[in-house]
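K.L.:
Attaching a single structure in structure tokens format; questions to follow.
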Amino acid sequence: ERIFALYPDIKIIYMARDPIKRIISAWIQRRADSGDNVPSTVDAAVNERRDEFVGQSQYYYNIRPYIDLFPRNNIFIGLLEDLKQDRESFLRGLCEFLEISYSPIQREHVNPSAGKKVPNQLYTRLNGFSIVRSAKLLAPKGLKSAVRRMLVKEASPSAISMSPAVLRDVIETLENDSQEFLKLAGKPQDFWRLRENL
């Protein structure tokens, strides 16, 4: 309401992607950035921080207040899958929406999840001991860095998954929301094929 009161004609860009892949990517990014401040598995993250991980994938729920206030032609809904499939066409459509001229971009994907370093579960278990936390305070920086390098692994989004029970629960939470959102985006309701993850 505050945005609408100040800028009723503002143009809004809303980007989304396969909600399951978004959850995994968000976990990788947050774990890489914040280590043990983030649960050590995707399952734990989903269970302990549901709003943060699952709630942010409820795209229709999150965009609905904007749809209710702003003219629909002032909202651009973009899907990462479309951007990846035909980048030039996607960016042309975005520039048309913004009423600016299109200029090709030569840059490659800047922020992939693959290759990010995330602390493994041994790192998390060791950090749970107060003696280890105390030793970290006294250890030289070089030693801490060497130990950390041994206890982190390179993230591969395709190798990270949720347990079947957690995945089923997440899909049940997201399925209707995703179908409504995809309808709004002009895509078939099975565009993300959520049930194929089971």
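K.L.:
May I ask for the net charge around Arg195, where only other residues with Cβ less than 12 Å from the Cβ of Arg195 are counted and Lys, Arg are +1 while Asp, Glu are -1?
P.N.:
Summing Lys/Arg as +1 and Asp/Glu as -1 gives -2.
K.L.:
Computed FRET efficiency, Cβ-Cβ of Arg49 and Asn73, R0 30 Å: what is it to the nearest 0.05?
P.N.:
0.25
K.L.:
Over all distinct Cα pairs, what is the inverse of the mean 1/r for segment 1-101, reported as the Kirkwood hydrodynamic radius in Å?
P.N.:
It works out to 15.6 Å.
K.L.:
Return the FRET efficiency for the residue pair Gln189, Ala135: r is the Cβ-Cβ distance, R0 is 35 Å, and the value is rounded to the nearest 0.05.
P.N.:
0.05
K.L.:
What Kirkwood hydrodynamic radius do you get for segment 60-109 when you take the inverse of the mean 1/r over all pairs of distinct Cα atoms, in Å?
P.N.:
In segment 60-109 this quantity evaluates to 12.4 Å.
Rule-based calculations on the coordinates, nothing more; no lab input. Here the structure is a predicted model, which means the values were calculated and not measured. For neighbour counting, all protein chains shown are included, and Cβ atoms are generated from backbone atoms with ideal geometry for every residue, glycine included.
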